[in-house]
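The values are calculated or read from the model by the stated rules, or taken from the named source; none is laboratory data. Bear in mind the structure is a predicted one, so any value in this text is a computation, not a measurement. Here the Cβ positions follow ideal geometry from the backbone for every residue, glycine too, while neighbour counts run over all protein chains shown.
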Protein chains: 2
Amino acid sequence: MQKRIIIDAMGGDNAPLEILKGTYLAQKEYGIAPVLVGNDKEIQKCIKDNNIALENVKIVNSNSVITMHDDAKAVLKEKADSSMGIGFKLLNEGEGDAFVSAGNTGCVTVGSTLITKRIKGVKRPAIASVMPSAKRPFLLMDCGANAECRAEFLYQFGKMGSLYMQKIMKVENPRVALANNGEESTKGTSTVKEAYKLMQNAPYNFVGNIEGRQIPFGDADVVVADGFTGNLILKTYEGVAKVLMNGIKNAFMKNTLSKISYLGVKSGIDDMKKQFDYKEYGGAVMLGVKKPVIKSHGSADARTFKNAIKQAIWFLDNNLISSIENEFSINTQEE
Amino acid sequence: MQKRIIIDAMGGDNAPLEILKGTYLAQKEYGIAPVLVGNDKEIQKCIKDNNIALENVKIVNSNSVITMHDDAKAVLKEKADSSMGIGFKLLNEGEGDAFVSAGNTGCVTVGSTLITKRIKGVKRPAIASVMPSAKRPFLLMDCGANAECRAEFLYQFGKMGSLYMQKIMKVENPRVALANNGEESTKGTSTVKEAYKLMQNAPYNFVGNIEGRQIPFGDADVVVADGFTGNLILKTYEGVAKVLMNGIKNAFMKNTLSKISYLGVKSGIDDMKKQFDYKEYGGAVMLGVKKPVIKSHGSADARTFKNAIKQAIWFLDNNLISSIENEFSINTQEE
C-alpha cells in the first residue's frame, strides 16, 4: 500500500516551492501518497506555475503558518490551526503514516511530545541527527529537544539511538558513546558521571566517553548528549565544515591556474563533499514518540526535503517505532 | 630585562625534545631567559645530542613527571615534586615571570588555581583558547577548567575574555557572546538564561547568544561557555577541521593528475591552512590567576611550544594580569 506522508507545505525558508519539489521527487522515487497541509490556493498555484508533476495529491487547507520566531507552544495554542498544527492533528487522527516538516524546531518538538505523544516508558523524546564522519555516518542525540537532561534521559537516548542505528542504518551492535570533556569515567558534569554509571549496565554496547575531537572521526555509532550540548556540537560541526568548504572553493577560484587545477582534483574533492554531505539524510528524526515525525532543515532544498521523506519511509519500512515500543515495554523497570 | 620563563621540560607527548627546540626558537625570537624544570641529565643530553643552541639556561632538577593519566590533584600531592609541580612552585616563589607547560590539563588547572592562586574577586579561573575563524581569531572560554559553572562564573569569563582580546589581540570593544542552542534570550539551560541576564548589564560589549554554526564564522570575539560545553566545542572544532584537511590531502593524492593539480592551487590551500592554523597561538591560557600560566597542546611540536611561550610574553608585555586585577577590584560588588 502507498505510504501516506503528511507534509507541512508551508514550513521552512523555502516553502512551499522546494517542499513541493522535494515531495515530487519522493513520490517519483518511493511512490508515496502525499497529504499536503497549507494554503490551498498558494499550493495549487505553486504546483501549476512550476509544472510540478505531483499525482494523487490531497491538500488540507490551513491559513496560518508557524514562523521561526513563534514560541514552541504556539503549535498547541494560537497556531494550532497552522500547517504544522494541522499536520500533527492529521497524524494523530490516522490521516497519514508519518509527518515531515521543515518548520520551527521548538514547535516540532512540542507537537511531537504533546500531540503525537511519547512511547510508553520513554521519559523524554529527543531529536536525533544522522551526521557524516570520516568513516560511516553516526547518530547524534539529543540535538536540542531537551536543554536540560537527567542521567536517565541520557541513558534512554542511548537505547533509542542504538535501535535506530540497528534497524535503519543496519549497524550491528552499534557503539554508543557519551559526549564528554575527557575519556575517563571521572570526567564531566555530575549528570554525565551518573549517566556513565547507568550506561555501563545498559543492554546496549556502551563504549564509554567520547571527546569532541574523536566524534568526526566516527569513533562511535551513537553519540549521546543533552540537547544543549548536542545542539552546539551539531552546529559547530556544520559551521566548521561550511567555513572550510568555502575555503576550498576560494582556493580554487583564486586565479586562472587554480581554476584549471580544479579539474584535476575534482573527483577527489567530490568524494569528500559526498562524504560530508548533510543533505543526504535530510534532517533530524524525533525518537521516542508514537509515530514517525521528521524535522527537515529550515533551509531545506528539494533534495534535502526528499531525503527527509526518505527517513519517514525508513521508519515505516523497518518498524522502528514497534521496536522502540517493545524495548521499552520489556524493561518495565524504566517506566 | 630578559623575561624569565619557567618551562615544564617534561610535559606533553614530545617532551623533552620538542619543548627544548621550541624554547630555543622562543629565545632566538624574544630573547627569553628560560628556567627549565625536569630531569637534569636527560635535558642536558637532549640539548647536546640535538645541538640545541640554548644560552644562559638554568635547569632545576626534578625526577618525577606528571602523565596524562594522573589525577588533577596529583600536582599538589604525590607528584608535587614533578617538573610541573616544581614549575608552579618556582613561579610562586618569583623564580620566573611566567610558566609554560604542555602537560596534563587537569593538573595545570589545579596548579594554577591552588598554587598560583586566583586574582581577588575572580570566582573561577578558566582555560581560554584563541581559535581560528573565517574572519579573525576569537577567544573561547572556558575550555575545560570548570565542567559545571554558575551564571556568575560565565559572566566573569566574559569580563576576563574581553580584557584579553583588548589587551593582547588589540580588538576594540570586543563582542562577547554566550554559546547557546538558539539565538533567543529564552534559549538554553536555566544557568545560561540567568547568565544572559547578568551579561545584559555587563560593563563589556555583550552581543547575545551565539549558535554553534556562527562560531567558526567569527561572529563574536569572545565565546563564553562552561568548561564542559566549551571543551566539546573546542575539540569538535579541531576534529572536523582535521578530518576535512585529511580529506583535502587525500583528494590531491588520489592520482597523478590530482598531484600535479595541487601545484596550481597550493597557494590558495596554504592561505586556508594558515587561517585555520591551531599552532599559531600555541595553546590555551589560564585567565583569572595571579601570574601567567600557559597550557600548550599535549601534542605540541617545537613551533607550537614556541608560540605558547609567545603567549606568555604577550601577557607580560601587555600587563594583562594588572588589568584583570584592576577590573575586578573596581567592581567590588563581585568579590
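Structure data summary
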| item | result |
| --- | --- |
| Qualifying residue in the range A:70-92 (condition: surrounded by fewer than 22 Cβ atoms within 10 Å (Cβ to Cβ) and at positive phi) | no |
| Test set (1) farther than 16 Å from B:THR236 by Cβ; (2) touching a strand residue (DSSP E or B) at 6+ places or on another chain (Cβ under 6 Å); (3) of a type in the set (A, V, I, L, M); (4) buried (at least 24 other Cβ atoms within 10 Å of the Cβ) - A:VAL265 fails condition number | (2) |
| Any chance A:GLU325 is assigned by TED's automatic domain parsing to the domain that holds A:HIS69 and either more than 25 Å from B:SER133 (Cα to Cα) or assigned to a helix (DSSP H, G or I) (or both) | yes |
| Any pair with Cβ under 7 angstrom, 6 or more apart, that starts in the range B:68-87 at a residue that is more than 17 Å from B:ALA9 (Cα to Cα) and ends at one that is of a type in the set (A, V, I, L, M, F, W, C) and outside any loop (DSSP other than H, G, I, E, B) | B:ASP70/B:CYS107; B:ALA72/B:CYS107; B:ALA72/B:VAL110; B:LYS73/B:VAL110; B:ALA74/B:CYS107; B:LEU76/B:VAL110; B:LEU76/B:LEU114 |
| Tally, over the range B:219-261, of residues that are more than 23 Å from A:PRO137 (Cβ to Cβ), more than 7 Å from chain A (Cβ to nearest Cβ) and not basic (Lys, Arg) | 12 |
| Hey, A:MET68 under 19 Å from the mean Cα position of the chain (by Cα) and of a type in the set (A, V, I, L, M, F, W, C) or not | yes |
| Test for A:VAL176: is it of a type in the set (A, V, I, L, M), without any contact (Cβ under 8 Å) to a residue 60 or more places away in the chain and in contact with a Phe, Trp or Tyr (Cβ under 8 Å, 6 or more places away or on another chain) | yes |
| Selection within the range B:284-335 - among the small types (Gly, Ala, Ser) and over 27 Å from B:LEU25 (Cα atoms) | B:GLY288, B:SER322, B:SER323, B:SER329 |
| Residues satisfying the stated conditions in the range B:306-320, i.e. under 19 Å from B:VAL171 (Cα atoms) and touching a Leu at 6+ places or on another chain (Cβ under 8 Å) | B:TRP314, B:LEU320 |
| Where A:MET286 falls short, out of the listed (1) at the interface with chain B (Cβ under 10 Å from one of its Cβ atoms); (2) under 21 Å from the mean Cα position of the chain (by Cα) | (1) |
| The lone exception for B:PRO174 - which of (1) touching a strand residue (DSSP E or B) at 6+ places or on another chain (Cβ under 8 Å); (2) farther than 20 Å from B:GLU280 by Cβ; (3) surrounded by fewer than 24 Cβ atoms within 10 Å (Cβ to Cβ); (4) not assigned by TED's automatic domain parsing to the domain that holds B:ILE294 it fails | (2) |
| Hits in the range B:74-96 - residues which are under 15 Å from B:LEU36 (Cβ atoms) and either touching a Phe, Trp or Tyr at 6+ places or on another chain (Cβ under 9 Å) or aliphatic (A, V, I, L, M) (or both) | B:MET84, B:ILE86, B:GLY87, B:PHE88, B:LEU90, B:LEU91 |
| Test for A:VAL223: is it assigned by TED's automatic domain parsing to the domain that holds A:GLY158 and in contact (Cβ under 8 Å) with a residue 60 or more places away in the chain | yes |
| B:GLY188 under 30 Å from A:LYS274 (Cα atoms), free of Cβ contacts under 8 Å to residues at least 24 places away in the same chain, within 7 Å of chain A (Cβ to nearest Cβ) and of a type in the set (Gly, Ala, Ser) | no |
| Any hit, the range B:119-128, residues being buried (at least 21 other Cβ atoms within 10 Å of the Cβ) and touching a Ser or Thr at 6+ places or on another chain (Cβ under 6 Å) | yes |
| Scope the range B:201-219; condition farther than 14 Å from B:GLU152 by Cβ and out of contact with any helix residue (DSSP H, G or I) (no Cβ under 8 Å at 6 or more places or on another chain); matching residues | B:VAL207, B:ILE210, B:GLY218, B:ASP219 |
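Residue-wise test of (1) buried (at least 24 other Cβ atoms within 10 Å of the Cβ); (2) touching a strand residue (DSSP E or B) at 6+ places or on another chain (Cβ under 9 Å); (3) modelled with pLDDT under 85.
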| site | (1), (2), (3) |
| --- | --- |
| B:GLY227 | yes, yes, no |
| B:MET245 | no, no, no |
| B:PHE252 | no, no, no |
| B:LYS291 | no, yes, no |
| B:ASP301 | no, no, no |
| B:ILE313 | no, yes, no |
| B:GLU327 | no, no, no |
| B:GLU334 | no, no, yes |
